[in-house]
Amino acid sequence: MILERLSILNYKNIEQTELNLSSKINCFLGSNGMGKTNLLDAIYYLSFCKSYNNPIDSQNIRHSADFAVIQGWYLMNDKQDEFFCSLRRKQKKQFKRNKKEYERLSGHIGLLPLVMVSPSDTDLINGGSDERRKFIDLFLSQFDKEYLHSLIRYNKALQQRNALLKTDGHIDETLLDLWDDQLIDEGKIIYSKRKDFIDKFIPIFQKFYDFICSSNEKVELKYESHFDDTDFSQLLKQRRERDKILGYTTVGIHKDDLDMQMDSYSMKRVGSQGQNKTYVVALKLAQFDFLRKATDTTPILLLDDIFDKLDSSRVEKIITLVLDKDFGQIFITDTNREHLDDILSSTNSDYHLYEVTKGEVIQKNIAI
């Protein structure tokens, strides 16, 4: 799968741009705040129907505009498919494939597999549990439709249960039982799939971490859930009165967490900036490898300013990895021309180099 052409109109600070892209490496050079990340975010939006870093659609429209449009033309199975997304203030977004609108956006998820590596990924270590659940959910939803549909049903039941718990006065216990049953049934599926994925994923994660660091450190992902060695139906009943007082559901897979560890110590407590950065880069590259095998499709890889806070040895290892034949189309942003020069001089593949200034994108035909 290759993104051959990208058109952006009024997305964040990008007023308008049309890009014919390299099938292998696309590098975007520019100072901070110029719009490099916004370009990658537009590509991300085409895969997930939402922004990587801002879930409020209206805030992704350029300040002086009333709408934004992102279009991508992908080469898929030897034919070109067009994907169109339109955002309008105070209106529902439109998402189309070959000019036909989706009935449900969930039908699109997984069609354009993608992995993004970003400086904000350290939030996976330092942020709340919702960041780590989002990582698992977006990942599994790209190749496991049963997981995605169970997650949607679970979240709808959770929303209904919470609304019922907020009711003033009498609460219908029969209706509460109904939502409890749905949380239990869907939660079992989600828990089982998350656990199975993590068990299979850790050895791949370790392989990538070892290559980048050349160390004997052991990386771990410890999954924590209310479904662990617990009768969840009993736990829900035990917490019911407390949930009524608080007005929301205090137990369930929506409270699951991943303790990201190194040598059995939590990275949140022991990791330096450089270690945290290396940890999440290895995590995302392992995600790419897992997704490539699970979907039998080479995902698009977005690398947003990932070389900052890494020593030259680790930068070199990452460059070696991403230029491997197992990686397909890659988009890279950086403020440092030297890093991009190292990448481009190390490859015999086709590449495009762009300069980004205040949302304007100009292709540079400069010899390296």
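Laboratory data are not the source of any read-out in this text; all were calculated from the coordinates shown. All figures in this text were calculated on a predicted structure; none of them were measured in a lab. Heads up, the Cβs are rebuilt from the backbone with ideal geometry, glycines too, and the neighbour counts pull from every protein chain shown.
Packing here is the average count of other Cβ atoms within 10 Å per residue, and on that basis the peptides 113-120, 240-247, highest first, run 113-120, 240-247. Straight-line reach from K364: taking Cα to Cα under 19 Å and skipping same-chain neighbours fewer than 8 places apart, the lysines in range are K24, K36.
Put simply, when 229-235, 22-28 are sorted by average Cβ atoms within 10 angstrom per residue, most first, you get 22-28, 229-235. Considering only alpha-carbon pairs that sit under 8 angstrom and 6 or more positions apart, the relative contact order computed for region 121-296 is 32 percent. The modelled label-to-label distance for the pair K325/N77, using points 7 Å beyond Cα in the direction of Cβ, is 2.5 nm.
Stretched out straight at 0.36 nm per residue, the stretch from S215 to Q59 would grow longer than its current Cα-Cα span by 51.9 nm. When shorter helices are ignored and each DSSP H run of at least 4 residues is given -39500 (n - 2.57), the per-residue value for the chain at 222 nm works out to -14000 deg cm²/dmol. Our compactness index for the chain, the C-alpha radius of gyration over the empirical 2.2 N^0.38 Å, is 1.06. Rounded to the nearest 20 debye, the dipole magnitude of region 269-320 is 220 debye, with +1 charges on Lys and Arg beta carbons, -1 on Asp and Glu beta carbons, and the Cα centre as origin. With K and R counted +1 and D and E -1, the other residues having a Cβ less than 12 Å from that of I330 yield a net charge of -3. Structural descriptor for the chain: relative contact order 26 percent, calculated from alpha carbon pairs under 8 angstrom and at least 6 residues apart.
Axis angle, to the nearest 10 degrees, between helix 145-165 and the longest C-alpha principal axis of the chain: 50 degrees.
Computed extension length for D199-R5: 66.1 nm, one decimal, from 0.36 nm per residue of separation with the Cα-Cα distance subtracted. Charge dipole of the chain (Cα centre as origin; +1 on each Lys and Arg Cβ, -1 on each Asp and Glu Cβ, all else neutral): 840 debye, rounded to the nearest 20. Think of the chain as a dipole: +1 on every Lys or Arg Cβ, -1 on every Asp or Glu Cβ, centred on the Cα centre; then among S349, P299, G107, G107 lies furthest on the positive end.
In plain terms, the C-alpha convex hull of region 51-122 casts an average shadow of 6.2 nm² when viewed from every direction.
Once you've got the Cα coordinates, tell me which of K12/K317; K166/K284; K92/K145; K268/K317; K50/K99; K156/K237 are over 28 Å apart. Violating the 28 Å Cα-Cα cut-off are K12/K317; K166/K284.
Can you tally the net charge around I300? Count Lys and Arg as +1, Asp and Glu as -1, for every other residue whose Cβ sits under 12 Å from the Cβ of I300. Overall, the nearby charge balance is +1. The equivalent ellipsoid of region 121-296 has semi-axes of 35, 18, 13 Å, largest first, where each one is the square root of 5 times an eigenvalue of the Cα gyration tensor. Look at the dipole of region 121-296 built from charges on Cβ: of I136, Q206, H149, the Cα furthest out on the positive end belongs to Q206.
Shown here: region 236-368, whose C-alpha atoms stretch 69, 36, 34 Å along the first, second and third principal axes, sorted largest to smallest. The slack between Q238 and N336, meaning 0.36 nm per residue of separation minus the straight C-alpha distance, is 29.7 nm.
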